[in-house]
Amino acid sequence: MKKITILVPCYNEEKSLPLLHVRLATLMDSMTAYEWELLLVNDGSRDGTMDVVRELRAMDSRVGYIDLSRNFGKERAMLAGMDHATGDCMVIMDADLQDPPEVIPEMIKHWEDGWEDVYARRISRGKESWLRRKLSLCYYNVLQKTTKVDVLQNVGDFRLIDRKCIDALKQMRECERYTKGLFSWMGFKKKEITFDRHDRAAGESSFDLFKLMLLGIDGITSFTTAPLRFATVLGFAVSVFAFIYMCYVLVKTLIWGDPVAGYPTLIIVILFLGGVQLISLGIIGEYLGRIFNETKDRPVYIVREKEM
């Protein structure tokens, strides 16, 4: 009998988890041809999430859990789940029920047909602000144009991956993780399905606009060196412009005897060049920071407690 693991990273989801378990239990009870494992990874929640997880474990032996020692972030929590998953395949989904469990049977069907990575593309994005939707689409367009990896648009972490994919992802131990890009980078046979994303069943999202922006920076710095090249091209363009302007001022002064440009012009040029330098240093600093974190070789996550 094949075994399917459902991995759910949890952060402050005490209200959503009981609702999620009811929906997943109905699904698992209806598909008796498979053995099931519901793996909940508590990513340092500050509410009663861990108490709810223990209650679910006590009432359903299919539920296992990993309690991380602090909040390491969703990307590392997913790796913790992959390290401990025992299924022949694994479904990754959020705890807030924006990813409907009713889509999972379709994923399993395609997996049985030989597909190794069945990913779900959102037709609609649920209750989401216009600004956030537009910024997300713009970000994916920029990332796609600056990297050689085919990053899928409107595709999150909701997917089914085969044991081969799980083992491949477990080999990638970088601390600064961008799993959406890793899914694309690892290859394997991919199959797309579509779904309408629902609104949150309970609670509030922990991802505000600032955190999403940081996640976007992680994605760009993980899968492309385009910002470094942009800094190089910008510096070269500014140097060429400065040289041409210098020649213009020199010739103009020699021929017409015009005085050197005044104070306002100098201030504008200095501020502009200073801004270019700071931008370039900031881009270089982002990459150096990632190198610094990786060279420490610390564990990607630390487990406080687990029960499988």
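A short reminder: the numbers here are calculations on the coordinates, not readings from a lab. If you're wondering where the values come from, they're calculated on a predicted model, not measured in any experiment. FYI the Cβ positions are ideal-geometry reconstructions off the backbone, even for glycines, and counts take in every protein chain you see.
Under Stokes-Einstein, with the Kirkwood radius over Cα pairs standing in for Rh, what whole-number D in µm²/s applies to the stretch 18-116 at 20 °C and 1.002 mPa s? Each step should come with its number before you reach the end.
Numbers: Rh = 14.5 Å.
D = 148 µm²/s.
Say the cut-off is 19 Å between C-alpha atoms; which of Lys2/Lys74; Lys2/Lys164; Lys74/Lys180; Lys15/Lys170; Lys15/Lys180 go over it? Can you show the working numbers first?
Working: Lys2/Lys74 27 Å; Lys2/Lys164 14 Å; Lys74/Lys180 11 Å; Lys15/Lys170 30 Å; Lys15/Lys180 27 Å.
Check vs 19 Å cut-off fails for Lys2/Lys74; Lys15/Lys170; Lys15/Lys180.
Taking the highest mean first, how do the peptides 37-45, 172-180 order by number of other beta carbon atoms within 10 angstrom per residue? Working shown, then result.
Numbers: 37-45: 23.9, 172-180: 17.4.
Ranked from most to least packed, the peptides come out as 37-45, 172-180.
Once amide H atoms are placed 1.01 Å from N in the peptide plane, what residues at a sequence separation of 5 or more from Val41, or on another chain, have their amide H within under 5 Å of its amide H?
Residues meeting the amide H criterion: Val8, Cys10, Ile66.
Whole angstrom only: what separates the Cα centroid of the stretch 158-182 from the Cα centroid of the stretch 1-64?
Spelled out, the Cα-based centre of one part sits 21 Å from the other.
Place the peptides 57-64, 74-81 in order of packing, highest mean first, counting for every residue the other Cβ atoms within 10 Å and averaging per peptide.
Working: 57-64: 15.2, 74-81: 22.9.
The densest-packed peptide leads the list: 74-81, 57-64.
With θ set to phi - 60° and the Karplus curve 6.51 cos²θ - 1.76 cosθ + 1.60, what are the ³J(HN,Hα) couplings of the stretch 173-187 in order, to the nearest whole Hz, using x for Gly and Pro?
Karplus-based 3J(HN,Hα) across the stretch 173-187 equals 9, 4, 6, 7, 9, 9, 5, 4, x, 5, 4, 6, 5, 6, x Hz.
Kindly write out, for the stretch 54-59 in residue order, the coupling ³J(HN,Hα) from the Karplus curve 6.51 cos²θ - 1.76 cosθ + 1.60 (θ = phi - 60°), rounded to whole Hz, with x marking Gly and Pro.
5, 5, 5, 5, 5, 9
How would you rank 93-106, 279-292, highest first, on the average number of other Cβ atoms within 10 Å across their residues?
Working: 93-106: 19.4, 279-292: 13.4.
Top of the packing list down: 93-106, 279-292.
Provide the FRET efficiency to the nearest 0.05 for the Asp29-Lys2 pair, computing r from the beta carbons and using R0 = 22 Å. Walk me through the numbers on the way to the answer.
Numbers: r = 17 Å, r/R0 = 0.76.
Using R0 = 22 Å, I get an efficiency of 0.85.
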